[in-house]
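Presented below is the structure to which this report refers.
The values are calculated or read from the model by the stated rules, or taken from the named source; none is laboratory data. Treat the numbers as computed from the prediction; the structure is a model and nothing was measured. Here Cβ is always computed from backbone atoms with ideal geometry, including for glycine, and neighbour counts include all displayed protein chains.
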């Protein structure tokens, strides 16, 4: 396929659209299921994303991929999964998500009859799980992702665009520091 792409002269916007349609959409589907997968599977998904980034940016295989991903503003796969789950939680808490997702996102203040010190931190109640399959459910993954975010990202008054921007910045810094 590599020689075919070089000879057919596809416009960069066409390559971008194809990559978005075939690669990015697959990486974004079922993010809660990707939350607790093994490092080996994450590496395979990251390899697919790296190949797509190289194709879009016409980078060589020997080029370092981090600057390419940064230039495209693509988060690494592990942070991408966290980003999508946190965005769904934010939408659920804002009343913009379907009810079945919103039911899984209960703030500590809404779940307790008495006032706790943690009530103003906007953390979610923790769902107890007993197996690795239950850890992959949206309720369990959403709780762990949301509660691990910095307090300024969990602010109630932040708009969707402001939340996404601050979350993406936080996750880029996390990936730059090697925190996975």
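If I filter the stretch 132-180 down to residues being in a helix (DSSP H, G or I) and at pLDDT below 80, which single residue comes out as nearest to residue 84 (Cα to Cα)? Checked the stretch 132-180; the qualifying residue nearest to residue 84 (Cα to Cα) is 135. When residue 83 is tested against (1) modelled with pLDDT of 90 or more; (2) in a helix (DSSP H, G or I); (3) not assigned by TED's automatic domain parsing to the domain that holds residue 144, exactly one condition is not met: (3). Just one residue in the set 51, 102 is over 21 Å from residue 134 (Cα atoms) and in contact with a helix residue (DSSP H, G or I) (Cβ under 9 Å, 6 or more places away or on another chain); that residue is 51. Set side by side, the residues 88, 96, 75 differ, and just one is surrounded by fewer than 18 Cβ atoms within 10 Å (Cβ to Cβ) and either at pLDDT 85 or above or over 30 Å from residue 16 (Cα atoms) (or both), which is 96. Here the helices (runs of 4 or more DSSP H) wholly within the stretch 1-46 that include at least 3 residues being within 21 Å of residue 133 (Cβ to Cβ) and either modelled with pLDDT under 80 or in contact with a strand residue (DSSP E or B) (Cβ under 9 Å, 6 or more places away or on another chain) (or both) are 31-34.
Candidates in the stretch 127-173 are the residues that are touching a strand residue (DSSP E or B) at 6+ places or on another chain (Cβ under 7 Å) and over 18 Å from residue 77 (Cα atoms); of these, the one that is surrounded by the most Cβ atoms within 10 Å (Cβ to Cβ) is 143.
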